[in-house]
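In what follows, a single structure is set out as structure tokens and then discussed.
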Amino acid sequence: MIDLLPDDDQKALIDNFESVLAAEAPLARLRDGQGDLALLARLAELGWFGLGLPESAGGVGLGLIEEALLFREAGRFLVGPRLFAAVLGAHAAVGAGDPALAAALAGGERGACLLSGDGRHAFDRQPGDSLVRVDEEGIRLLDEAALVRAEPIDGLDPAIALERVELDERGVRRLADRTLALRTKVLVSASLVGLAEAARDRATLYAKERQQFGQPIGAFQAIKHRCADMAVGCESAWTLTALAALCLGSGRHDAAFQAAAARIVAGDAALAAVRGNVQIHGGMGFTDECEAHLLVKRCHFLLQLAGGTRLHQEALLGEPEPVHGR
Amino acid sequence: MDFTFTVEEEAFREEVRTWLRANVPTEKRPKEGQAMRAFDTAWQRRQHESGWGGIAWPVEYGGQGLSLVQQLIWHEEYVRAEAPPPGCMFVALSHAGPTVMLRGNAEQRALHIPRIIRGEAVWCQGFSEPGAGSDLASVRARGVVDGDDLVVTGQKVWTSYADVADYQELLVRTDPDSQRHAGLSWVICDMRAPGITVRPIRTMAGITTFAEVFYDEVRIPLGQVVGGLGEGWSVAMSTLSFERGTAMIPHQVELQRTVEQLIALAGEVTGPDGRRPAAADDEVRSRLARLRAEVAAMRAMTYASISRAQREDAPGPEGAMISLYFGELFQRVHDAAMDILGGESIERQGRAEAWTFRYLDGFKHTIAGGTSEIRRNIIGERVLGLPRGRA
Ligand SMILES: Cc1cc2nc3c(=O)[nH]c(=O)nc-3n(C[C@H](O)[C@H](O)[C@H](O)COP(=O)(O)OP(=O)(O)OC[C@H]3O[C@@H](n4cnc5c(N)ncnc54)[C@H](O)[C@@H]3O)c2cc1C
């Protein structure tokens, strides 16, 4: 069946994500420099990290598409990158035949932080963390011992603690297959979509409220059309991300194609939306107080999280055209 | 959420593929005039004789009543088999025919429907006027009731295929005191009726596929009014609910193919450095990848619109998003083609011919059937709920 819209169970799931995050993840939290630790502990308690993990590893046993729905909402509320680390780390542990570790990561008993694909940065690291590194080839789950050096540095995104790190990967504990690299692309795309949607919604709301020349600025086509472009960007990026999630989830031959394409389109849509959102807020948008800049900064972070857009472009060009049927 | 084709659907794909492979015309399709009409109607007849004449039409009208997914499969295979576009049969099959089915009376249906599906009647659409383009509700062509006739005087413009059409779906103002959407009527106009003058217009691509049409006291029997006098706007809109966003699928599938051809082209032509193929250039690669990804997104939007149509009867304003996306993407693809062709982009022959033709012809995709600006208005106002501007 061809159905890119959520069914009733999926709708309930989305509502649940949204109501929890709306209550517990106001963007104001991002200013306290706590790296979302409290929020993530709460989400672990709710079982969200294990949504797409098999039940045998203590997960809920849902599909990649449900996980993508979670990351879309998480992107909308700028949930910190430890969410990626916990979920991907748990999948890697399952792939490596260590369901106990998977359960510990998914349950939040064991901490995990994400490294950049090139291994140069760590994000929101805590003592005792497992380190999760994903690149085009696959995923690596490292012990803390692999960390030779870690130097805190100023980061673009004020809500993410950034460290420049040096690794000794001779202690590499696990190496899993390429589908986890693709899963990462899909989840990054989903987060970018959520971020784009947040920007679209904030811009649209402001365009309805802010009055100039005696009317809401959203009545001016220059503003209206920019919002419309954000809406189209979100629609194109989400439908493709959902398609990629479904293709990868069911092992279709074109999963790598769709995942790379989704990451490219979602990246472009998100960047255009977060920047447009600043512009539509005028002088207010340029302030530290307005939250618009937080979206811009998070966008650039997500764009580097699993390799830059150019990398995904080359990956896409390396795939055959998806054709249905034999 | 799901993305799988059932066993039956895969079998259907095989059946369609086999039939198309054996039946798609091998001659080149003429782009204009009577030769085009003969080609398009012959192809329609051939499809009809094998039962494929109206894949989206209900069975009772000789169609196949296919599901949306089957229609999608048909179009995918159609493009893959390099089958020709419906051309001048498009309005009859996708607009006029369905409108007559939905809103016409028994007599109108009996007269027109079979001739359309058999490829015997070509229709055109007379909505736009010199003073009524984006603002279609300001139609001024006038229809005056006189005895059993409607006497029509006025002008239409940009009427695709008017020069080869037998009938026209004509929107006229039949209540002289009416404003905007009220007081319009949807009428079947015989293009051979006395008083009609068709003056073909050449497009920027160099072909003559539309025309202006003048009406000088053209007498149309009142029996040709569809849906009743004064109901024209609602009749015109009813076609949209039939379409359910599927009419544009062939163009979308075709664009995917075009991008693949562009990637192949970039491997053949010399790139910007004058030595290596264009496909070795970093900037060209980046652009090609982006276009490929955007086509994938457009296809996903098609699947999403099918998913919506499976749940709702009337299509929502979301349809404007895919139309807008398609039109602009088509143009980006051909902008890239011009750059990749480089020095050859000023040729209209040989390897450049198809690309330069489509580059020029593609300007229509952000104008015809609603301009990009109007589509952005619809998205802004009806999808996002932004306020309308002060008039
Ligand atoms: C190839 C082709 C085939 C066609 N075939 C047919 C056909 O078979 N039958 C038929 O009836 N019509 C046909 N049309 C006409 C088509 O529907 C109109 O061209 C279209 O609706 C635009 O109207 P217009 O040309 O009068 O432009 P206008 O409405 O005059 O627009 C001119 C410019 O102003 C902009 N504009 C207008 N209003 C607004 C607004 N409110 N906000 C912002 N910008 C605005 C437009 O976007 C455009 O850029 C065809 C057109 C083309 C190009």
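Projecting the Cα atoms of B:Val69, B:Pro58, B:Trp43 onto the charge dipole of region B:19-75 (Cβ charges, centred on the Cα centre) puts B:Trp43 farthest toward the positive pole.
Each Cα pair under 8 Å and six or more residues apart adds its sequence gap; the mean of these over the residue count of region A:8-167 is a relative contact order of 20 percent. When a/c is below 1.5 the answer is rounded, else prolate if a/b is larger than b/c, else oblate, so apply that to region A:39-78 with a ≥ b ≥ c taken from the square roots of the Cα gyration tensor eigenvalues. Note, shape of region A:39-78 comes out oblate. Shown in residue order for region A:105-110 are the 3J(HN,Hα) couplings computed by the Karplus curve 6.51 cos²θ - 1.76 cosθ + 1.60 at θ = phi - 60°: 5, 5, x, x, 5, 10 Hz (x for Gly and Pro). Highest mobility in the GNM of chain A, judged by mean-square fluctuation with C-alpha springs under 10 Å and restricted to A:Glu67, A:Glu137, A:Glu314, is found for A:Glu314.
State the extension gain, in nm to one decimal, for the chain segment bounded by B:Glu217 and B:Glu283, taking 0.36 nm per residue of separation less the distance between their alpha-carbons.
Working: separation 66, 0.36 × 66 = 23.76 nm, distance 5.92 nm.
Using 0.36 nm per residue and subtracting the Cα-Cα distance, I get 17.8 nm.
Given B:Lys31/B:Lys364; B:Lys28/B:Lys364; A:Lys208/A:Lys297; A:Lys185/A:Lys208, which pairs have Cα atoms separated by over 27 Å? Can you show the working numbers first?
Values: B:Lys31/B:Lys364 16 Å; B:Lys28/B:Lys364 23 Å; A:Lys208/A:Lys297 25 Å; A:Lys185/A:Lys208 34 Å.
Among B:Lys31/B:Lys364; B:Lys28/B:Lys364; A:Lys208/A:Lys297; A:Lys185/A:Lys208, the Cα-Cα distance tops 27 Å for A:Lys185/A:Lys208.
Mean-square fluctuations from a GNM of chain B, with a 10 angstrom spring cutoff on Cα atoms, peak among B:Arg308, B:Arg109, B:Arg192 at B:Arg192.
Ordering B:Cys88, B:Ala141, A:Ala237 by the projection of their Cα atoms onto the charge dipole of the protein assembly as shown, which places +1 on the Cβ of Lys and Arg and -1 on the Cβ of Asp and Glu, puts B:Ala141 at the extreme positive end.
Given the Cα-Cα distance of B:Ile367 and B:Glu347 and 0.36 nm per residue of separation, how much length would full extension add, in nm? Could the numbers behind the result be given before it?
Numbers: separation 20, 0.36 × 20 = 7.20 nm, distance 2.53 nm.
My answer for the length gained is 4.7 nm.
Of the trypsin sites (Lys or Arg not before Pro) found in region A:58-162, the ones in coil according to DSSP and having at most 16 other Cβ atoms within 10 Å of their Cβ are A:Arg120.
From Cα pairs below 8 angstrom and at least 6 apart in sequence, can you work out the relative contact order of region A:199-324, rounded to a whole percent?
Values: 130 pairs, mean separation 33.6, N = 126.
The value is 27 percent.
What is the distance in Å between the Cα centroid of region A:201-225 and that of region B:204-219? Region A:201-225 and region B:204-219 have Cα centres spaced 41 Å from each other. Largest GNM mean-square fluctuation across A:Gly35, A:Gly111, A:Gly214, computed for chain A with C-alpha springs under 10 Å, falls on A:Gly214. For region A:8-167, the Kirkwood hydrodynamic radius from C-alpha pairs, put into Stokes-Einstein at 10 °C and a viscosity of 1.306 mPa s, yields a diffusion coefficient of 100 µm² per second. What whole number of Å gives the distance from the Cα centroid of region B:370-391 to the Cα centroid of region B:20-52? Answer, in whole Å: 39. For region B:141-216, a crude dipole built from +1 on the beta carbon of Lys and Arg and -1 on the beta carbon of Asp and Glu, taken about the Cα centre, is about 400 debye to the nearest 20. Each of B:Ser134, B:Ser345 was scored by other Cβ atoms within 10 Å of its Cβ. Listed from fewest to most, they are B:Ser134, B:Ser345.
Name the shape class, rounded, prolate or oblate, that the alpha-carbon gyration tensor gives for region B:63-172, where a ≥ b ≥ c are the square roots of its eigenvalues, rounded holds for a/c under 1.5, and otherwise prolate holds if a/b is larger than b/c and oblate otherwise. Prolate, because a/c is 1.5 or more and a/b exceeds b/c.
Fraction of C-alpha pairs exceeding 26 angstrom in chain B: 57 percent, rounded to a whole number.
Considering only A:Ala96, A:Ser130, A:Ala106, the residue lying farthest towards the positive end of the dipole of region A:45-185 is A:Ala96, judged by Cα position with unit charges set on Cβ.
Label-to-label distance, B:Glu254 versus B:Arg388, with points set 7 angstrom from Cα along the beta-carbon direction: 3.4 nm. Using the Cβ-Cβ distance between A:Glu321 and B:Asp146 with R0 = 51 Å, the FRET efficiency computed as 1/(1 + (r/R0)^6) comes to roughly 0.30.
Computed on chain B, with alpha-carbon pairs under 8 angstrom and 6+ residues apart, the relative contact order is 12 percent.
Given axes a ≥ b ≥ c from the Cα gyration tensor, I'd like to know whether the protein assembly as shown is rounded (a/c under 1.5), prolate (a/b larger than b/c) or oblate.
Values: a/c = 2.15, a/b = 1.84, b/c = 1.17.
Judged from the Cα gyration tensor, the protein assembly as shown comes out prolate (a/c at least 1.5, a/b above b/c).
Cut-off 12 Å, label point 7 angstrom out along Cα-to-Cβ of B:Met237: give me the residues of region B:172-189 whose amide nitrogen falls inside. Only B:181-182 pass the distance filter.
So for B:Ile378, A:Ile153, fewest C-beta neighbours within 10 Å to most, what's the order? List each step's numbers first, then the result.
Details: B:Ile378 19, A:Ile153 9.
In increasing order of surrounding Cβ atoms, one gets A:Ile153, B:Ile378.
Could you give the distance between the Cα centres of region A:6-27 and region B:287-316, to the whole Å? So the two Cα centres are separated by 25 Å.
The slack between B:Ala22 and B:Ser67, meaning 0.36 nm per residue of separation minus the straight C-alpha distance, is 13.8 nm. When +1 charges are put on Lys and Arg Cβ atoms and -1 charges on Asp and Glu Cβ atoms, the dipole computed for region A:8-167 relative to its Cα centre reaches about 260 debye.
Mind putting a number on the dipole of chain A about its Cα centre? Charges go on the C-beta only, +1 for Lys and Arg and -1 for Asp and Glu, and I need it in Debye to the nearest 20.
Working: 33 positive and 45 negative charges, 124 e Å.
Computed about the Cα centre, the dipole is about 600 debye.
Taking label points 7 Å from Cα along the Cα-to-Cβ direction, A:Glu166 and A:Ile14 give a separation of 4.8 nm.
Quick note: the coordinates plus some simple rules give every number you see, no bench work behind them. In this text, all values refer to a predicted model and were calculated from it rather than measured experimentally. Positions of Cβ are backbone-derived with ideal geometry, glycine not excepted, and every protein chain shown enters the neighbour counts.
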